[in-house]
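So the structure is just underneath, and the comments pick up after that.
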Amino acid sequence: MGDTFLKYLKNFDSPTDIVDEKFRSFTERLTAYLDFVKREDRDEVSKPIEVGRRLRDLGAPMESYKIMKADANYYKNRGNIEKFWHQMYYAGAFANLGYPTRSIEVEAIISCKELRREKNFPVFLPLFLNNYAGILHIYREDYGAANEVYREAILAIEDVNPRDFESKVGREYLWAHKLICNNYIDSLLVTERTEKDDEELERIMDIAEKRLGETESEYARALTLLNRAEMRARNGRIEAADKVLTEVFQKASERGLVEPSYYRIKALILADKGDDEGSVGFMIRALEEAGHYGNTLAETLTMRDSLSVYNVLVNKEGVRDRYRFFKEKGLFDYLMKMLRIKDWYLGSEHSENVRKTALGIAKALSLKNVQMRLIRTSAFLHDIGKCAIPWYSLNKISPLDDLDWEILWAHPTEGGRILRKLGLYEEAGIVENHHERRDGSGYPRGIKNISLETEIVAVSDAYNAAITPNRKYRVPKLPEEVLYEIKKGAKGAFSPKIIEGLEKYIQGESY
Ligand SMILES: [Fe+2]
Ligand SMILES: [Fe+2]
């Protein structure tokens with residue numbers, strides 16, 4: 001089973017190869033494979049990790065997670081606890097490359113607790129701690145907590161016999177150590193630091209650099225050097241940072257190993273030097289380099305840091321209309337491009353349509369200019385959080401399981417985070433709640449108390465989704481039909497005032 005499926009997956013290089021009819025058969029085969037791996041009475045599957053890696057590269061890392069978890073359970077049920085932890089480690093690692101939800105975070109916490117008590121397999125503890133710290137660091141942005149867990153991971157790794165490490169997890173002990181150090185450094189760099197923290201940072205950087213010695217891989221060294229450059233840039237030692245960065249770039253480009261963070265750090269340096277245009281140019285470049293929708297983690301990381309640089313520029317220039325500034329600087333073009341690549345069904349037209357409808361309703365309700373501006377920006381960017389969601393999870397056509405829903409339901413929260421990074425705080429609140437409903441029937445929180453502006457964006461979204469063909473509505477409905485349904489079926493999901501506004505807008509549109 002595994003071999004045939006793996007062979008099939010090798011037909012594709014990237015998600016762009018899996019279109020039209022191929023997408024349907026891809027989904028069917030993937031579902032069948034996953035169902036098989038979940039079966040109790042099966043034999044061992046061959047090369048599940050390789051299948052997982054392949055799927056990860058094709059933009060379906062959460063399916064890789066599910067496969068590894070099912071395989072872990074297979075071994076647990078047969079009393080092979082070591083293999084259970086081994087497969088669970090890969091499950092967690094794949095989830096971290098996609099989108100680790102709350103339930104995956106809880107699973108990571110429980111695993112770390114169990115492993116601390118486990119005497120037989122100390123080798124897995126640092127790896128699990130690193131996975132958990134990664135969630136805190138990258139996805140929750142709780143750097144304080146992440147740093148504690150990384151520190152613990154580094155201590156735990158010291159207790160491990162390198163030989164065990166190699167034989168049990170199939171990767172080099174030193175390389176894993178280096179990776180954990182680098183993650184820790186990255187997390188420390190974004191934290192507000194004291195002098196003591198800086199000492200710690202230098203110490204970890206030295207460990208990271210010295211540890212690898214002879215066996216050092218080019219890639220690992222480049223990561224440490226990038227960290228050094230970033231540390232200098234953040235401490236205001238701009239020339240020194242630039243020098244290190246140039247060195248990394250020369251080496252990396254010779255080998256075709258340029259990381260998006262190179263462009264990001266360059267942008268930081270130029271922003272500091274006052275070269276705003278140059279800074280924006282490198283930031284767009286960083287976003288583009290990270291924009292392979294197979295790799296959700298790279299996209300998330302670059303987006304996290306790049307957007308803050310835009311915010312720095314806005315604050316420096318004292319920009320009043322952030323929406324216009326970001327638009328003029330090309331940021332929205334980039335974000336919309338990414339959204340279109342990722343979400344096949346809605347894409348960028350949807351954002352534009354929701355913006356138009358929402359403004360139409362606002363006009364029909366004679367709202368003030370301030371409210372109009374707020375609605376314009378949040379309606380246009382309402383689904384931007386989908387950029388943080390793996391491609392396959394967004395486009396899946398087979399029935400969705402609990403985890404799929406959990407992932408999809410995260411997009412409003414992720415959208416809110418993106419907007420906050422751009423300094424759009426009020427808009428962030430609207431985006432976060434654009435799937436909530438007045439009667440509490442919405443998601444992700446099921447809250448009832450939502451603002452007028454939010455409701456306008458929400459109804460415009462629901463309306464446009466229904467009149468456009470997509471995953472849910474294969475055959476689009478007529479505007480009147482949708483209005484009738486919203487009126488009839490709403491039962492308090494939207495307020496009468498909003499529905500009236502939508503009605504006026506639709507009538508006005510048909511003239
Ligand atoms: Fe949405
Ligand atoms: Fe939407």
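FYI, it's all coordinate maths here, none of it is from the lab. As the structure is a computational prediction, the values presented were derived from the model and not from experiment. All Cβ positions, even for glycine, are placed from backbone atoms using ideal geometry, and neighbour counts span all protein chains on display.
Data overview
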| item | result |
| --- | --- |
| Distance violations [Cα-Cα > 26 Å] among K66/K178; K327/K386; K337/K396; K178/K337 | K66/K178; K178/K337 |
| Cleavage-rule hits (GluC sites (Glu not before Pro)) in segment 267-364: DSSP loop, at most 13 neighbouring Cβ within 10 angstrom | none |
| Charged-residue dipole, Cβ positions (Lys, Arg, Asp, Glu), segment 342-511 about Cα centre, Debye nearest 20 | 280 |
| Extension reserve of the R237-E500 stretch, reckoned as 0.36 nm per residue once the Cα distance is removed | 88.9 nm |
| Separation in nanometres of the label points that stand 7 Å from Cα toward Cβ, at E141 and K113 | 2.8 |
| In segment 223-318, lysine pairs closer than 16 Å at Cα, eight or more apart or cross-chain | 5 |
| Cα gyration tensor, the chain - rounded (a/c under 1.5), prolate or oblate | oblate |
| Cα lying deepest toward the dipole's positive end in the chain, options F494, L125, I447, charges on Cβ | F494 |
| Unit charges on C-beta of K, R, D, E only; dipole of the chain, Debye | 1060 |
| Whichever aspartates and glutamates have a C-alpha closer than 16 Å to that of K7, once near sequence neighbours (fewer than 8 apart) are set aside | D17, E28, E50, D57 |
| Net length gained if the chain between E254 and K363 were fully extended (0.36 nm per residue, minus Cα distance) | 33.6 nm |
| MRE, 222 nm, helices only [DSSP H, n ≥ 4, -39500 (n - 2.57), over the chain, to nearest 500] | -23000 deg cm²/dmol |
| Sparse-neighbour loop sites [GluC sites (Glu not before Pro); segment 1-60; at most 13 other C-beta within 10 Å; DSSP] | E40, E44 |
| Leading residue at positive end of dipole, the chain (Cβ point charges), from V370, T302, W405 | V370 |
| Two-site label geometry, N470 and E277: point separation in nm, points 7 Å out along Cα→Cβ | 3.9 |
| Proximal lysines to K488, defined as alpha-carbon separation beneath 21 angstrom and excluding residues fewer than eight positions away on the same chain | K448, K472, K477, K497, K504 |
| Coarse-grained scattering of segment 223-318 at q = 0.16 Å⁻¹, given as base-10 log I(q)/I(0) from a Debye sum over alpha-carbon atoms | -0.62 |
| Simple label model, 7 Å out from Cα along Cβ direction - N80 to F12, nm | 2.8 |
